[in-house]
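**Q** The following block contains the structure, expressed as structure tokens.
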Amino acid sequence: MFDRDGMFSRLRRHPDIEAPNLMAVDAADRLILDESAVALSQARPGAVAVIGDHYGALTLGAASIHGSTGVRVHQDPLTGELALASNAGAVGLADRYRPLTLGKELLAGATVVLMRLPRSLSELTEIAETIARYADPSVVVYAGGRDKHISPAMNDVLGHSFAVVRATLGRQKSRVLIASGPSEVAAPIYPVTEHLAEIGLDIVSHGAAFAGSKLDIGTRYLLEFLPRVNPRARTAVDLGCGTGILAVGLARLLPGVAVIATDHSSAAVASAAATARANGFGDRVRALRDDAMSTLETASQDVILCNPPFHVGAAVHTGVASKMFAESGRVLRPGGEMWTVYNSHLGYRGALRRLVGPTDVVGRIPKFTVTRSVV
Ligand SMILES: C[S@@+](CC[C@H](N)C(=O)[O-])C[C@H]1O[C@@H](n2cnc3c(N)ncnc32)[C@H](O)[C@@H]1O
């Protein structure tokens with residue numbers, strides 16, 4: 001067993017963005033572990049599940065302080081999963097847990113669930129429903145976060161899936177909601193399918209997917225430019241695909257193109273695959289969970305479409321966009337083109353020029369800019 005703070009001091013965020021103001025462990029992780037200490041110490045082997053662990057503090061905290069084994073873990077972003085794996089290796093606890101998708105295998109028989117409250121209510125709804133549906137009826141959920149990210153509506157969402165929900169006292173601007181008494185889940189809400197008449201597509205979305213089944217306004221603007229994409233393109237990537245609207249939009253326009261819809265989010269990849277199937281493009285749109293296309297071959301793609309994220313957790317940070325641009329410069333073949341939409345105030349043109357190649361602004365409206373970069 002480890003001294004907790006000694007173990008925590010060794011945890012890193014890598015391969016997620018690292019910066020002095022971005023931590024791998026925070027007060028909410030510590031509070032969740034303290035509130036659940038008795039339950040963890042009494043849990044049978046294999047009866048602990050962890051959801052939304054940022055970089056491994058919850059999983060490795062349970063394993064190191066309480067000796068938990070067979071911990072089942074779901075993390076939506078691949079970067080979190082990779083960080084946990086590398087942290088677990090560094091502290092010698094890699095054999096204590098296994099990563100799983102959100103579903104029955106993750107939760108069947110679980111009596112203790114530790115989780116970080118997600119940012120969106122839709123993600124929380126899907127998680128709460130899934131726990132209530134599959135975990136042991138005696139399950140107790142310890143769902144914590146920083147006060148600034150917790151809203152009263154989260155109590156209500158948990159209250160739909162659990163008979164009892166109470167909040168702990170706050171500590172260091174953090175709080176834990178404790179839920180027990182899972183309710184019967186008649187018909188799960190997620191994944192949701194909606195027809196977007198404006199673009200003539202059915203969109204399938206899991207709770208954690210960006211924009212849900214709505215059309216993001218930046219994406220809407222980039223869609224206007226798809227008819228200008230090289231019509232001879234055979235390979236393309238929707239980088240940071242969310243529900244896969246850009247991937248399916250391009251596959252519909254260019255019958256000869258095979259598109260990889262890729263995202264680091266497990267919910268996004270499941271949504272994009274389902275959106276492609278729902279619109280009859282399952283054979284030409286392949287969904288791939290990856291960190292900024294890191295597994296794609298160099299000089300292998302004709303086109304990349306990208307609506308990059310500009311939030312890293314709570315902090316506004318352009319690190320992810322820069323990583324995506326640098327990888328695009330690597331993955332595009334010579335002469336390949338990248339189409340990007342971004343909030344005009346972010347001024348990404350210089351970074352695109354430097355990391356991809358010559359970049360023209362092809363469209364600008366008050367909020368958004370669309371560029372075309374050529375390698
Ligand atoms: C602004 S959203 C765009 C979603 C979708 N393309 C659309 O237009 O609706 C950015 C997407 O980038 C994804 N993302 C963030 N970091 C990533 C990373 N390191 N690798 C791959 N995708 C990432 C997010 O999960 C999110 O789905």
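The values are calculated or read from the model by the stated rules, or taken from the named source; none is laboratory data. All of these numbers come straight from a predicted model, not from anything done at the bench. So basically every Cβ, Gly included, is an ideal-geometry build from the backbone, and we count neighbours across all protein chains shown. Ligands, DNA and RNA are stripped out before the accessible areas are found, and what is left, the full protein with its side chains, is counted by its heavy atoms. Shrake-Rupley method; radii C 1.70, N 1.55, O 1.52, S 1.80 Å.
**Q** With both bridge residues required to lie in the range 63-178, what share of the DSSP beta bridges run antiparallel, to the nearest 5%?
**A** Among the beta bridges of the range 63-178, antiparallel pairing accounts for roughly 50 percent.
**Q** Turning to a different aspect of this structure: Rolling a 1.4 Å sphere over the protein heavy atoms, what is the accessible area per residue of the chain, to the nearest Å²?
**A** Result: 42 Å² of accessible area for each residue.
**Q** Mean shadow of the range 4-182, computed from the convex hull of its alpha carbons, in nm²?
**A** Mean shadow area of the hull around the Cα atoms is 8.9 nm².
**Q** Leaving ligands, DNA and RNA out of it, report the carbon-plus-sulfur percent of the accessible area of the range 6-109 at a 1.4 Å probe.
**A** Carbon and sulfur atoms account for 53 percent of the accessible area of the range 6-109.
**Q** Please compute the net charge surrounding Arg354, taking Lys and Arg as +1 and Asp and Glu as -1 over other residues with Cβ under 14 Å from its Cβ.
**A** Result for the local shell: +3.
**Q** Can you work out the Karplus-derived ³J(HN,Hα) for every residue in the range 146-157? Use 6.51 cos²θ - 1.76 cosθ + 1.60 with θ = phi - 60°, whole Hz, and x for glycine or proline.
**A** Working through the residues one at a time gives 7, 3, 5, 9, 9, 10, x, 4, 5, 4, 5, 4 Hz.
**Q** Separate question: Skipping prolines and chain starts, which residues have an amide H placed within reach, meaning under 5 Å, of the one on Asp202, given they are 5 or more residues away or on another chain?
**A** Leu196
**Q** Shape of the range 145-281 from its Cα gyration tensor (a ≥ b ≥ c, root eigenvalues): rounded if a/c is under 1.5, otherwise prolate when a/b > b/c, or oblate?
**A** Since a/c reaches 1.5 and a/b is larger than b/c, the shape of the range 145-281 is classed as prolate.
**Q** Kindly identify the range 166-213 as rounded, prolate or oblate by the Cα gyration tensor criterion: order the square roots of the eigenvalues as a ≥ b ≥ c, call it rounded if a/c is under 1.5, otherwise compare a/b with b/c, prolate if a/b is larger, else oblate.
**A** oblate
**Q** Please list, in chain and number order, the residues 5+ apart from Ala24 or on another chain whose amide H is under 5 Å from its amide H, with Hs placed from the backbone.
**A** none
**Q** Near Leu84, within a Cβ-to-Cβ distance under 14 Å, what is the net charge of the other residues, with Lys and Arg +1 and Asp and Glu -1?
**A** 0
**Q** When the Karplus curve 6.51 cos²θ - 1.76 cosθ + 1.60 is applied with θ = phi - 60°, which whole-Hz ³J(HN,Hα) does each residue of the range 65-82 get, with x for Gly and Pro?
**A** 7, 10, x, 4, 10, x, 6, 9, 10, 10, 10, 5, x, 4, 4, x, 5, 5
**Q** Now a separate question. Which percent, to the nearest 5, of DSSP beta bridges fully inside the chain are antiparallel?
**A** 50
**Q** I'd like the carbon and sulfur percentage of the solvent accessible area for the range 192-374, probe radius 1.4 Å, heavy atoms only, ligands and nucleic acids excluded.
**A** The C+S portion of the solvent-accessible surface of the range 192-374 is 55 percent.
**Q** Have a look at Gly335, Gly159, Gly61 and tell me which one the Gaussian network model of the chain (Cα, springs below 10 Å) gives the largest fluctuation.
**A** Gly335
**Q** Which longest run of the chain has no exposed loop site in it, a site being GluC sites (Glu not before Pro) in a DSSP loop with at most 14 other beta carbons within 10 Å, and the site itself not part of the run?
**A** The answer is 19-183.
**Q** Find which of Ser68, Val341, Pro137 sits farthest along the positive direction of the dipole of the chain, computed with +1 on the beta-carbon of Lys and Arg, -1 on that of Asp and Glu, about the Cα centre.
**A** Selected residue: Val341.
**Q** Let me ask another. Hey, which lysines would be in cross-link range of Lys173, C-alpha to C-alpha under 17 Å, not counting anything within fewer than 8 residues on its own chain?
**A** In chain and number order, the partners are Lys148.
**Q** Which trypsin sites (Lys or Arg not before Pro) from the range 329-373 combine a DSSP loop assignment with at most 16 other Cβ atoms within 10 Å?
**A** Those that pass, being in a loop and sparsely packed, are Lys367.
**Q** Answer rounded, prolate or oblate for the range 215-271, using the Cα gyration tensor with square roots of eigenvalues a ≥ b ≥ c: rounded when a/c is under 1.5, else prolate when a/b is larger than b/c, else oblate.
**A** Verdict is oblate for the range 215-271.
**Q** I've got another one for you. Short version: ³J(HN,Hα) in whole Hz for each residue of the range 6-22, in order, from phi by Karplus 6.51 cos²θ - 1.76 cosθ + 1.60 (θ = phi - 60°), x for Gly and Pro, what are they?
**A** Whole-Hz 3J(HN,Hα) from phi for the range 6-22: x, 5, 4, 5, 8, 7, 10, 8, 3, x, 6, 4, 10, 7, x, 8, 10.
**Q** Which of Ser64, Ser265, Ser328 moves most in a GNM of the chain, Cα contacts under 10 Å?
**A** In this elastic network of the chain, the residue with the biggest mean-square fluctuation among Ser64, Ser265, Ser328 is Ser64.
**Q** Based on the Cα coordinates of the chain, what is the per residue volume of their convex hull in Å³?
**A** Cα-based convex hull of the chain, divided per residue, equals 137 Å³.
**Q** Rounding to the nearest 20 debye, state how big the charge dipole of the chain is about its Cα centre with +1 on each Lys and Arg Cβ and -1 on each Asp and Glu Cβ.
**A** Here the size comes out at about 740 debye.
**Q** How many angstrom lie between the Cα centre of the range 181-233 and the Cα centre of the range 246-286?
**A** So the separation of the two Cα centres works out to 11 Å.
**Q** Sum up the charges of everything whose Cβ sits under 12 Å from the Cβ of Arg228, counting Lys and Arg as +1 and Asp and Glu as -1, but leave Arg228 out.
**A** -2
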